[in-house]
Amino acid sequence: MEPSRTEQVVQQLRELYRRYGYTQYKMSKFEPYDLYVHNKSFLVSEDILTFTDADGRLMALKPDVTLSIVKNAKEGAGLQKVYYCENVYRTSPMTRGFREIMQTGLECVGEIDLVAMGEVLLLAAKSLETISGDYLLDVSHLGFVAGLLDSAQVAEECRAGLLKHMEEKNVPALGVYCRELGLDPEASEDLCQLTALYGPPAQMLPVLEEMVRGERMELALAELRDVCSLLPERHLRLDFSIVNNMDYYNGFIFRGYLPGLPSGVLSGGRYDNLLHQMGRGDGAIGFAVYMNLLERLEGTRERYDADMLLLYDDKTPVPAVLEEAERCRQGGQSVRVERQRPEGLSFRAVRKVG
């Protein structure tokens, strides 16, 4: 059967990551439940499918790959660069039933510097380009957002509410909440402006320069300038409504979009805080491509079960049948040999031997 577009993309992404020196990470379908229960808020879905193993341990059908990679990465062993092609098991927001979801992605764990960050974002862009030349990579920086909240002296317990309005791009509600918190009007105005900001770096970076308050925001802006210079501008947008849980994430966060898909097909970011909560001093950055969404891009593209169907009858010499089939295969075609055409299967060409 001809490989699907999704299968082709998975193979192309594997080759891409290998060229950049990433090694494949493979994990078991099952993991101890404890790994996930202590970091439920890090997961996309908090619902976890569990069962009791024969030895009495509570196990989980893996809902995430990143946590397993971090758990097994050796601290102090230099940068560990891995890629994966794994199925995870999560509830669908539409049906609330569990679904098997294929992910392909990579993680870089260790002492993260600007080179490592730039390479990961560059690979995110190249991953999207592998699927479609018409893509957008939206980038945000939590250091810039956190720096602005620090300068406005926003209490930790109030930040989640602000971030929720920012993620929804609900500027009016954000303004009301800022006033309820008694924030400085200038800080409130900057937060609303930052939430509404969206566009290419060349247009957005000068706007961000006017908002800088303190070293944390200056550092974040410098990282944005450096990394954005590595990426193709026409495919790049700055979007500070992309905000994740600051208990886990810091620095760059980003999402990738393709035409014809209603939601992001790629999601990633820097998550040093997750490692710190695990008692580690190093950092990490990575992303995942949600391969199941690519099935929607298949459209009506004609699919075949084999390139060639070779038909034969009792009068056809056996060597002639097998030799002709092998000759076609050596030419790069997939070949099926039958006495008569099978029902329910399709072929690019049908030919009778002899």
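Read-outs throughout are calculated quantities, based only on the coordinates presented, and are distinct from any laboratory measurement. Fair warning: this is a prediction, and the values are worked out from it, not measured in the lab. A quick note on method: Cβ atoms are made from the backbone with ideal geometry, for glycine too, and the neighbour counts reach across all protein chains shown.
Here the relative contact order of region 1-131, from alpha carbon pairs under 8 Å that lie six or more residues apart, stands at 25 percent.
Compared with the dominant principal axis of the Cα atoms in the chain, helix 318-330 is inclined by about 30°. Rg over Rh for region 150-253 works out to 0.95, both radii taken from alpha-carbon positions and Rh defined as the Kirkwood radius. Close amide H contacts of His141 (hydrogens built in the peptide plane, cut-off under 5 Å, sequence separation of 5 or more or a different chain): Ile253. Phi angles of region 222-236 translate, via the Karplus equation with coefficients 6.51, -1.76, 1.60 and θ = phi - 60°, into HN-Hα couplings of 5, 5, 4, 4, 5, 6, 4, 5, 8, 10, x, 4, 5, 9, 10 Hz per residue; Gly and Pro are given as x. Pairs spanning more than 31 Å between alpha-carbon atoms, out of Lys26/Lys164; Lys40/Lys169; Lys62/Lys126; Lys26/Lys126: Lys26/Lys164.
When only Cα pairs below 8 angstrom with a gap of at least 6 residues are kept, the chain shows a relative contact order of 18 percent.
Taking the longest Cα principal axis of the chain as reference, the axis of helix 5-19 is set at about 60 degrees. The calculated 222 nm mean residue ellipticity attributable to helices in the chain amounts to -11000 deg cm²/dmol, summing -39500 (n - 2.57) over DSSP H runs of n ≥ 4 and dividing by all residues. Karplus-derived 3J(HN,Hα) values for region 276-287, using 6.51 cos²θ - 1.76 cosθ + 1.60 with θ = phi - 60°, are 5, 5, 8, x, 10, x, 9, x, 6, 8, x, 7 Hz; glycine and proline are entered as x.
For region 137-226, averaging the sequence separation of C-alpha pairs within contact (under 8 Å, six or more residues apart) and dividing by the residue count gives a relative contact order of 42 percent. A straight Cα-to-Cα reach below 18 Å connects Lys352 with the lysines Lys315, residues fewer than 8 places away in its own chain not being considered. Against the chain, whose longest principal axis is taken from its Cα atoms, helix 171-180 shows a tilt of about 30°. DSSP assigns beta bridges within the chain; of those with both partners inside it, close to 75 percent run antiparallel. Where both bridge residues fall in region 1-87, DSSP classifies roughly 75% of the beta bridges as antiparallel. A simple charge model with +1 on the Cβ of Lys and Arg, -1 on the Cβ of Asp and Glu and nothing else charged puts the dipole of region 184-225 at about 200 debye relative to its Cα centre. When you have a sec, figure out the Kirkwood radius of the chain from all distinct Cα pair distances and drop it here in Å to one decimal? Answer for the chain: a Kirkwood hydrodynamic radius of 23.2 Å.
Placing unit charges on each Cβ (+1 for Lys and Arg, -1 for Asp and Glu) gives the chain a dipole about its Cα centre, and among Leu208, Ile131, Leu183 the Cα reaching farthest toward its positive end belongs to Ile131.
Could you tell me the calculated FRET efficiency between Lys169 and Met246, based on Cβ-Cβ distance and R0 = 22 angstrom, to the nearest 0.05? Once the sixth-power term is evaluated, E becomes 0.75. Taking only the C-alpha atoms of region 228-285, Rg followed by Dmax gives 13.7, 42 Å. Computed about its Cα centre, the charge dipole of the chain is approximately 1420 debye, with only Lys, Arg, Asp and Glu carrying charge at their Cβ.
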